[in-house]
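The values are calculated or read from the model by the stated rules, or taken from the named source; none is laboratory data. What you are looking at is a predicted structure, and each value in this text was computed from that prediction instead of being measured. Here Cβ is always computed from backbone atoms with ideal geometry, including for glycine, and neighbour counts include all displayed protein chains. Side chains are part of the model used for accessible areas, which takes the heavy atoms of the whole protein and leaves out ligands, DNA and RNA. Shrake-Rupley method; radii C 1.70, N 1.55, O 1.52, S 1.80 Å.
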Amino acid sequence: MFKLLHKLRPLYDFTDKFIMFICKLLLIADVLITSMAVAGRYIEWIPDPAWSEQMVLTFMCYMAMLSATLAIRKRAHIRMTSFDIYLPKGLVNFLDLISDIFVFALGFVMLYYGIKVCNSPLARFGRYESLPQLSRVWMYLPIPVAGAGMVIFELEQIILRIEDLFGIKVEEAA
């Protein structure tokens, strides 16, 4: 299992970079759409599209959910570490492993129920108010996508935590 993880590391790295690239594109799109909408309110010849607010909010949802998966990969998600310096390192690693298992389970819940919501009539037949040709599936899609990313990256983190906890060296596993 440890050998496989280390063989898959380039795939994890590529996925991490790809998600970061998508987040950057979404941020650029957010800034451009918001700038156009604000300028369109004050400058007559610049259009202020009715769909700008909903697209900006949708892109922000995608960025927030995808960024959560990146935070898991970098172990940068919000967590309580106040007492970590006072506790034995083995206990801290064990508690971090328990935390990772719960986040792993949350990823499965997000994936399962996100797919359910995306397949519901509300999502499939619902439309954006300002863009009636666009299905609301796009609004709910970040949930299962982030769930899948959480499952993938948490699996890596759980294996790395087990390695840390039991002192398994990468060279021994390879």
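For the peptides 132-143, 40-51, 15-26, what is the packing order when you average, over each peptide's residues, the other Cβ atoms within 10 Å and list the highest mean first?
132-143, 15-26, 40-51
Using a 1.4 angstrom probe, figure out how much accessible area the chain has per residue, in square angstrom, rounded to the nearest whole.
That works out to 64 Å² per residue.
With all protein chains present, how much of the accessible area of the chain (probe radius 1.4 Å) comes from carbon and sulfur, to the nearest whole percent?
That fraction is 73 percent.
In percent, how large is the relative contact order of the stretch 38-174, given Cα pairs closer than 8 Å and 6 or more residues apart?
That works out to 31 percent.
Percentage of Cα-Cα pair distances in the stretch 61-119 greater than 18 Å, rounded to whole percent?
Considering the stretch 61-119, 47 percent of its Cα-Cα pairs are separated by more than 18 Å.
Could you work out Rg/(2.2 N^0.38 Å) for the stretch 73-174, with Rg from alpha carbons only?
In units of the 2.2 N^0.38 Å rule of thumb, it is 1.48.
If you wrap a convex hull around the Cα atoms of the chain, how much volume per residue is inside, in Å³?
Convex hull volume per residue, Cα atoms: 140 Å³.
In degrees between 0 and 90, to the nearest 10, how far off the longest principal axis of the chain does helix 2-42 point, with axes built from Cα atoms?
Relative to the chain, helix 2-42 is tipped by roughly 20 degrees.
At most 15 other Cβ atoms within 10 Å and a DSSP loop assignment: could you name the GluC sites (Glu not before Pro) in the stretch 86-161 that fit?
Loop-located and lightly packed - 129.
Considering every pair of different Cα atoms, what Kirkwood radius, in Å, is found for the stretch 22-113?
The answer is 16.4 Å.
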